[in-house]
Amino acid sequence: MNASAIQELVRPEVPGLPPYNAGLSSEAVRSRYGVEHIARLASNENPFGASPVVGRALADLALRVGTYPDANCTALRAVIAERTGARADQIVVGNGSESILQMLCQAFLSPGDRVLTQRPAFGLHEIYPRMMGAKVELLALTPSLEFDIDAWCEALARGPKMAMIANPSNPVGCMFDAKALARLLDATPSGTLLVVDEAYYEYARVESGFPDALAMLRARSRPWIVLRTFSKAWGLAALRVGYGIASEASLIQWLDRVRTPFNVNEAAQAAALAAWGDTAFMERAVVETVRQRESMEQALRALAVPGLRIAPSAANFLFIDLARPNGPVNEALLARGIIVKPWKEPGFESFIRVSIGSAEDNARFMGALREILGT
Ligand SMILES: *Cc1c(COP(=O)(O)O)cnc(C)c1O
């Protein structure tokens, strides 16, 4: 066998898929640049991690590793249902919410179907639909780096099979309010499956004007699913748990047909249950992160770099236009042990996305940026 024989076998959709850009690992940066401390500000991770009760739940797990996990995440779905006001049969749990995005595409998209999302988008909102052969339409931001609700309404009215919208947006951080969501819902035909990705819900809900999407969607009879995750505010990114709340049980049943049977491992289920029981820990992390984000934003503005722009953010990161190519800045940051995400899509090569880390790491980032930009 050789590479070209393999290429004959691969599905036609696959060669066009970009590899997911997960960035450099801490270890890779440490060894390549010979730096001791690494500031991980590229993956929107929560610097405060998970509640200590998660550690205890994981220690108890040692006696249970020989048996399969609950294929239906019964206990976890029950507590999520209780707090969100959904029924357990409206809830799906995934190996990260990214895997629910994949299930949605596998269950609902065929070659040629149209999918609507934003540019710049969370990569998988574009990659998974294309994996199924769907055509993805990418809507631009407004010049002030906000959702273009008029453009969204127009495009939704054309009836795509599926629309994926992250509120707040990743990587931009911008959010839309209840009035905008009502307009989007009015514009959406009932044959469109609306996927509202609220990965940063716990951060955004403290912003004034952030819509109660679940309540607004429930008031309409149309297909929708809201996605949330334990990876960000709950601090469980390593364990991979996300969940979706859907308009009806039948939608979840179709996802059950395409998902792997034991898709959420025992550790992930136990940790998510434990974390869910300690809301206070999560809320403290959110408050501190929002405070840090606001002070980083002020410090960035104080640099007075000509052309520098910061997108409005309701999440745990900032999307920053450095008004110069991001490559050299990124290299100089890496050399100082600071990992951020330089954007590579056309039109955004001057942007970096910086996750809000610990106060120390944020200060390291700001100090480095001052040096690099010479301000
Ligand atoms: C981080 C993120 C996810 C994925 O979260 P996992 O649950 O870790 O898979 C999904 N959507 C958006 C917009 C994200 O930023």
Legend entry - Proximal aspartates and glutamates to LYS161, defined as alpha-carbon separation beneath 13 angstrom and excluding residues fewer than eight positions away on the same chain: ASP113, GLU137
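Over segment 151-212, what is the relative contact order in percent, taking alpha-carbon pairs closer than 8 angstrom and at least six residues apart? Before the final figure, lay out the partial values.
Working: 73 pairs, mean separation 28.3, N = 62.
Over segment 151-212, the number comes to 46 percent.
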Legend entry - Inter-part distance where segment 304-375 and segment 147-220 are each reduced to a Cα centre, Å: 27 Å
Inset, instruction - Assign one of three labels to segment 181-303, namely rounded, prolate or oblate, based on the Cα gyration tensor with a ≥ b ≥ c the square roots of its eigenvalues; rounded applies when a/c is under 1.5, prolate when it is not and a/b is larger than b/c, and oblate otherwise. - result: oblate
Legend entry - Label-to-label distance, nm, for residues given as ALA335 and ARG158 (7 Å Cα→Cβ offset): 4.5 nm
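Kindly report the accessible area of the chain per residue (heavy atoms of protein chains, probe 1.4 Å, no ligands, DNA or RNA), in Å². Spell out each step's value before the answer.
Numbers: 16230 Å² over 375 residues.
I get 43 Å² per residue for the chain.
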Inset, instruction - Could you pull out every one of the lysines with an alpha carbon less than 30 Å from that of LYS341, ignoring same-chain neighbours closer than 8 positions? - result: LYS135, LYS232
Legend entry - Cα-based shape type of segment 302-349, given that a ≥ b ≥ c are square roots of the gyration tensor eigenvalues and the cut on a/c is 1.5: rounded
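Over the chain, what is the mean sequence separation of C-alpha contacts under 8 Å (at least six apart), divided by residue count, expressed as relative contact order in percent? Mind showing how you got there, number by number?
Details: 671 pairs, mean separation 89.3, N = 375.
Averaging sequence separation for qualifying contacts and normalising by length gives 24 percent for the chain.
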Inset, instruction - Would you give the gap between the C-alpha center of segment 30-61 and the C-alpha center of segment 71-101, rounded to a whole Å? - result: 25 Å
Legend entry - Whole-Hz couplings from phi, Karplus 6.51/-1.76/1.60, listed for segment 52-62; x for Gly and Pro: x, 5, 5, x, 5, 4, 5, 5, 5, 5, 3
Legend entry - Net charge contributed by nearby residues that have their C-beta within less than 12 Å of GLU371 (K/R +1, D/E -1): +3
Legend entry - Residues with amide H under 5 Å from that of LEU116, placed H, sequence gap 5 or more: GLU137, MET162, ALA163, MET164
Inset, instruction - Pick out which of ARG64, ARG301, ARG30 has the largest mean-square fluctuation in a Gaussian network model of the chain, springs linking Cα atoms closer than 10 Å. - result: ARG64
Legend entry - Dipole in debye (nearest 20) - segment 126-268, about Cα centre, beta carbon charges: Lys, Arg +1; Asp, Glu -1: 440 debye
Inset, instruction - State whether the chain is rounded, prolate or oblate according to the following rule on the C-alpha gyration tensor (a ≥ b ≥ c being the square roots of its eigenvalues): a/c under 1.5 gives rounded; otherwise a/b larger than b/c gives prolate, and the remaining case gives oblate. - result: rounded
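The values are calculated or read from the model by the stated rules, or taken from the named source; none is laboratory data. These numbers come from a predicted model, not from an experiment. Glycine gets a Cβ as well: all are built from the backbone with ideal geometry, and neighbour counts include every protein chain shown. Surface areas here come from the heavy atoms of the whole protein model, side chains and all, with no ligands, DNA or RNA. Shrake-Rupley method; radii C 1.70, N 1.55, O 1.52, S 1.80 Å.
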